[in-house]
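Chemist: If you scroll down you'll find the structure; I have some questions about it.
The values are calculated or read from the model by the stated rules, or taken from the named source; none is laboratory data. In this text, all values refer to a predicted model and were calculated from it rather than measured experimentally. Cβ: placed from backbone, ideal geometry, glycine included. Neighbour counts: every protein chain shown. These area figures cover heavy atoms from the full protein model, side chains too; ligands, DNA and RNA do not enter into them. Shrake-Rupley method; radii C 1.70, N 1.55, O 1.52, S 1.80 Å.
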Amino acid sequence: MNSVTVRVPAKVNLQLAVGPLRDDGYHDLVNVFHAVSIFDEVTATAETGMSVRVEGESADQVPGDRDNLAIKAALALAGHAGRSYGVHLFIRKSIPVAGGMAGGSADAAAALVACNELWGLGLPLEDLMEIAADLGSDVPFALLGGTAVGTGRGERLTPLDVAGTFHWVFALADGGLSTATVYAECDRLRQATGERVAWPQAAEPLLAALREGNAEILGTELRNDLQPAAVMLRGSLARTLDAGREHGALGSLVSGSGPTCAFLARSEAHAGELAASLKDAGVARDVITAHGPVPGPVIV
Ligand SMILES: C[C@@](CO)(OP(=O)(O)O)[C@H](O)COP(=O)(O)OP(=O)(O)OC[C@H]1O[C@@H](n2ccc(N)nc2=O)[C@H](O)[C@@H]1O
Ligand SMILES: Nc1ncnc2c1ncn2[C@@H]1O[C@H](COP(=O)(O)OP(=O)(O)O)[C@@H](O)[C@H]1O
């Protein structure tokens, strides 16, 4: 086999409860991840060295060298296998870059799956999960897909049962936000306001809404502790979130560290109407619809 292509989804965080800052610079979280139908595609082709080419959505903002998370993933996998394998990775991006939808983590997860297959390693998911956790807090979920609760820094996962399908609208922003900067701004705001930082807890009503497939309740339970920080760093997001509510979204929130905003719709048709209204309102660079949960990386 000379070439393997893997399709991998983006995520939105349905609940992101951020605990106190740890000594290692990370925060303990309760992170309810939900994979949605916006996909990157990573093609791994046998080659002697390691190289990457990126095309598509904001490709010019993605590193074309060993800083690319997909290349880091391939190197980590080769290191784990104890061999100096080579690969060329071609990434076709649709997931917004630095948008809070974990596109880099998705590409890393896809590269792990693709290279595991290309190099005939046959490593089980547990081994790939361990490599993933070293690459980034979101990479283990990107390997899993579906809907799951992440604890620790987000890398310890428990899959959740979800009934049915939820329909989403995503408002894409101009330019990204750095994840580290948004966490730092969250700490700064908490210090400035003297907020007592509680140990993060999963919200039972949110988990129940997922189990029952109840979009109305899920809409009211969406929470992101990073949202005030993202809005502080990018004031225009307040207007985008308001527009979603004004046009009938069941719920709205910043996705992860932002700046993408997510809106929950009643149905696929409602998502289409909401997307059209948000486009007309001119509150986003682009507006797209998607559904979730969807499975993790799939070899195509
Ligand atoms: C916020 C979230 C929500 O899912 O993702 P994005 O919305 O950016 O995609 C994640 O917590 C991001 O995960 P990921 O992007 O993998 O972060 P990492 O590479 O592990 O860490 C980047 C930086 O984010 C901060 N960080 C990350 C995870 C965590 N639990 N606490 C943190 O404080 C740290 O400053 C760290 O240096
Ligand atoms: N394959 C990749 N795709 C996207 N970004 C990448 C990739 N590899 C490295 N990066 C870097 O990671 C940063 C965060 O990217 P991304 O995962 O898209 O955003 P977020 O962490 O907000 O979900 C980008 O600014 C980019 O410089």
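Chemist: Among residues belonging to segment 43-62 that are more than 20 Å from Leu121 (Cα to Cα), not acidic (Asp, Glu) and not in a strand (DSSP E or B), point out the one that is nearest to ligand 2 (Cβ to nearest atom).
Modeler: Ranking the candidates gives Val62 first.
Chemist: For segment 25-55, give me each residue that is in contact with an Asp or Glu (Cβ under 8 Å, 6 or more places away or on another chain) and under 29 Å from His167 (Cα atoms).
Modeler: Correct list: Phe33, Asp40, Val42.
Residue-wise test of (1) in contact with a Pro (Cβ under 7 Å, 6 or more places away or on another chain); (2) open to solvent by less than 30 Å² (accessible area, probe 1.4 Å); (3) without any contact (Cβ under 8 Å) to a residue 12 or more places away in the chain; (4) over 21 Å from Val52 (Cα atoms).
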residue	(1), (2), (3), (4)
Gly103	yes, yes, no, no
Glu117	no, no, no, no
Gly122	no, no, yes, yes
Glu126	no, no, yes, yes
Ile131	no, yes, no, no
Gly136	no, yes, no, no
Pro140	no, yes, no, yes
Gly146	yes, yes, no, yes
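Chemist: Go through segment 1-20 and give me each residue that's out of contact with any Phe, Trp or Tyr (no Cβ under 6 Å at 6 or more places or on another chain), assigned to a strand (DSSP E or B) and more than 13 Å from Asp225 (Cα to Cα).
Modeler: Ser3, Val4, Thr5, Val6, Val8, Ala10, Val12, listed by residue number.
Chemist: Then there is this: Mind checking which residues of segment 158-188 are within 14 Å of ligand 2 (Cβ to nearest atom), surrounded by 23 or more Cβ atoms within 10 Å (Cβ to Cβ) and among the aromatic types (Phe, Trp, Tyr)?
Modeler: Correct list: Phe170 only.
Chemist: Failed condition for Asp65, given (1) within 16 Å of ligand 1 (Cβ to nearest atom); (2) not in a helix (DSSP H, G or I), with all others met?
Modeler: Single failed check for Asp65: (1).
Chemist: Can you name every residue in segment 21-42 that is away from ligand 2 (no atom under 12 Å from the Cβ) and either aliphatic (A, V, I, L, M) or modelled with pLDDT under 95 (or both)?
Modeler: Hits for segment 21-42 are Leu21, Leu29, Val30, Val32, Ala35, Val36.
Chemist: Of all residues in segment 189-206, count the ones that are in contact with a strand residue (DSSP E or B) (Cβ under 8 Å, 6 or more places away or on another chain) and either surrounded by 12 or more Cβ atoms within 10 Å (Cβ to Cβ) or among the basic types (Lys, Arg) (or both).
Modeler: Total meeting the criteria: 5.
Chemist: Provide a single number: the residues in segment 172-211 that are in a loop (DSSP other than H, G, I, E, B) and either under 29 Å from Val283 (Cα atoms) or among the polar types (S, T, N, Q) (or both).
Modeler: 7
Chemist: Which pairs have Cβ atoms under 9 Å, sit 6 or more apart or on different chains, and link a residue in segment 61-75 that is open to solvent by 80 Å² or more (accessible area, probe 1.4 Å) to one that is of a type in the set (D, E, K, R) and within 14 Å of ligand 1 (Cβ to nearest atom)?
Modeler: Matching pairs, first to second residue: Arg66/Lys72.
Chemist: Within 26 Å of Pro20 (Cα to Cα), in the same structural domain as Asp286 (by TED's automatic domain parsing) and either among the β-branched types (Val, Ile, Thr) or more than 16 Å from ligand 1 (Cβ to nearest atom) (or both), is that true of Ala238?
Modeler: For Ala238, the condition - within 26 Å of Pro20 (Cα to Cα), in the same structural domain as Asp286 (by TED's automatic domain parsing) and either among the β-branched types (Val, Ile, Thr) or more than 16 Å from ligand 1 (Cβ to nearest atom) (or both) - is met.
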